[in-house]
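Only one structure is covered here, and it is reproduced in the block below.
Every read-out reported here was derived from the displayed coordinates using simple, explicitly stated rules and does not represent laboratory data. Since we're looking at a predicted model, the values are computed, not measured. With ideal geometry, Cβ positions are generated from the backbone for all residues, glycine too; neighbour counts draw on all protein chains shown.
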Amino acid sequence: MVITIKLRGSLIKYFNGQREKTIEVPLDCSAEEALKLAGIDWPKIENFGFVAINGKRVMIYDKLQDGDELKAYSKISGG
Amino acid sequence: MLGYQNNILRINLTKKEAKTEPLRMDWAEKYIGSKGLSIKYLYEELKPGIDPLSPENKLIFMTGPLTGTSVPCSGKLAIAGKSPATGTICDCSIGGHSALKIKYAGYDAVILEGKLDKPGYLFIENDKITFEDAAELWGKGSHEAEAMLIDKYGHDYSVISIGPAGETLCTMACINSDYYRQAGRGGMGAVMGSKNLKAVVVNGTGGVKIPNIKEAVKRIAEIEKEDTLQEDNTFVYDGGTTAFLEACQDGGILPKLNFSDTTDEDWTKYNGEVLLESLEGKRGCGSCGLGCGNFLKMGDVVCEGPEYESISVAGPNAGNSDPVAIVKANQVADDMGLDTISAGDTIIWAMEMTEKGIRDFGVRFGEMDKYIEYLKLIARKEGIGAELALGVKKLSEKYGGTDFAMQVKGLEYPQYEPRGSWGMSLAYAVSDRGACHMRAYAPNEEVFAASIPPYTPEGKGEMVFNLAQWNAVKFSLCICDFWGTLNMELMAELMTLATGKEWTAADMAEVGTRVINIARAFNQREGFTAKDDTAPKRLFNEALKNGPGAGQKIPEEAFEDMKQQYYKVLGWDENGMLPESLLATL
């Protein structure tokens, strides 16, 4: 299946400054697995924040469906 | 210690006298500067129970030992006094360049006492201090007043001013500098207005002594390159705090319709991408390495910002998705010298009161022409504005609607929905100046990270304490919040470089705890206890309908449990009071 990964905050560096990429992932893929396939080894990123599927915060192990948008955020501070 | 000027400028406005005195270095060693040191001075010098709008209140502009050095993000100024909005201690952190000017003029702080006999402004240039007439400035918006003063004195001078809101003693009045930077919360503008003080014009041509300057400057530059300017901090250059909007939307903490729900399907109509299409220019504060300021031009409106708070309160929380109205509301509030959060929250409460038929305040959700008009009326206390200027606490006590009067101790809620981030309800409740997101920024751990789940009370006391301790140190060094990766070790190293005294991370942590405690001690002396660390009933009684937190409301017992956890971490009793043994250490 095909999904779009969008990066926010300092995570953009993992796509060399691009804010999004469309990639192919296996059926029943989780957010975590999709990020790893895109080259984002999130447990090793100190400032990794949270993920959202289709604009809604989810757990890193939640599953994706065909056509989903997966957003990954770095932590932000301030207010 | 070096880094300080060892010099306080004390101004008696009643007598029009200016004197200097040595800095209390023994206090500086315990509280450092800015937030912590200004609260210590006020704790020692203000009698309990004074009227914050009386000449007995003091207004302190306090720098820190890093101010005026090459340390990045060190250009903020603490402005502190007793708050007329809450009756608590209140310290604010204002950007711009005034902190550097005060320090280069040779002062660690300016302490303003008493009251002028008629509207005036203060002129400070090194050791030249004069008291000037403000008849031509009084009544003018903060922007026009600042422009007139810059016209008169030149761009080397920094202006700290109030708008009409400060002049009418509106408790939502802020203090402005550099046109669009504010000491926003708690009514510090009203304190300045109560002293008949329209502005302070300041310039300084001196410097700051630090030990081993060559080595220090080299090391500070390394720290800036290795830490300050990494992507985790520089995202604010790209969009300022507009970046928060998307994160809060997806994270389920963007408030909607006076905190009656979260998430807004129209958020892309006013998000950072849309707003920044109208970008005209950028700027940063003194000594800043990050440059978060965005100047927008939309139609005939030019404005720096809007920041996330101002976007949210005039956007989804007001039932509005028109970005021009959001920018216009920001510009008007800034010129009037009004806190966008408190004024906005009051208007949106009034919208809900009208919608529910409890009381007709003549404004409904989405009516932004009226929202903007009401900002002016509140600032000038004219018409309906005279009532709305009371703020949601007093208004709801008078008319009802207390369940959705989103405030703590009389300070209105910042724009993070706590049912989506339970620790934020605690942070708001125990903040030293009423509901504030700048003491402990809970979403950073509960929502924007996977560190700790958002919808549970477990661990929240310790979490809020750790965040509050970190910010208390940072704001006592007067470093900007946006240097988000700054840790205790780096702060200790910067203090060592600037002062020549050896500081450790443990020392920094101790200072942070001490600052939290002295602020609490001030409030405790004013009569505040655990019963004042509250949350609006909306959080307990109404579940969110949308977003990842759909179905969530905070059980009241969970909220009380979080409070007790926090008190226990700090060694306070069950009533949130410092014991005598702890008070004696302050």
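Observations
- Over the protein assembly as shown: helical MRE at 222 nm, DSSP H runs n ≥ 4 each giving -39500 (n - 2.57), nearest 500: -10500 deg cm²/dmol
- Rh by Kirkwood over Cα pairs, then Stokes-Einstein D for chain A at 0.890 mPa s and 25 °C, µm²/s: 198 µm²/s
- All C-alpha pair distances within the range B:440-481, sorted into 10 Å bins from zero, spread as 30, 48, 21, 2 percent across the bins.
- At most 12 other Cβ within 10 Å, DSSP loop - GluC sites (Glu not before Pro), the range B:496-586: B:Glu502, B:Glu574
- Here each label is just a point 7 Å from Cα along the line to Cβ, and for A:Val2 and B:Glu280 those points are 4.3 nm apart.
- For the Cα trace of chain B, dividing Rg by the Kirkwood Rh returns an Rg/Rh value of 0.94.
- Per residue convex hull volume, Cα atoms of the protein assembly as shown, in Å³: 139 Å³
- Over 27 Å (Cα to Cα) - which of B:Lys198/B:Lys376; B:Lys58/B:Lys398; B:Lys16/B:Lys47; A:Lys75/B:Lys370; A:Lys44/B:Lys225; A:Lys13/B:Lys256 fall in this group: B:Lys58/B:Lys398; A:Lys75/B:Lys370; A:Lys13/B:Lys256
- Radius of gyration and maximum dimension Dmax of the range B:8-203, Cα, Å: 14.9, 43
- Residues of the range B:559-586 with an amide N closer than 15 Å to a point placed 7 Å from the Cα of B:Asp26 along the Cα-to-Cβ direction: B:584-586.
- Shielding by partners, peptide A:54-60 (average Cβ within 10 angstrom, other chains): 6
- Chain lengthening between B:Ser54 and B:Ile358 when straightened (0.36 nm per residue, less Cα-Cα): 105.9 nm
- Centroid-to-centroid separation of the range B:526-567 and the range B:336-353 [C-alpha atoms, Å]: 22 Å
- Extension gain from B:Asp117 to B:Asp227, taking 0.36 nm per residue of separation minus the Cα-Cα distance: 34.7 nm
- Across peptide A:5-17, the mean count of Cβ atoms from other chains lying within 10 Å of each residue's own Cβ comes to 3.
- Taking the three principal axes of the alpha carbon atoms in the range B:250-348, the coordinate ranges are 39, 29, 28 Å, sorted in descending order.
- Separation between Cα centres of the range B:227-274 and the range A:32-79, rounded to whole Å: 16 Å
- Put the Cα centre of the range B:203-224 next to the Cα centre of the range B:62-84 and the gap is 16 Å.
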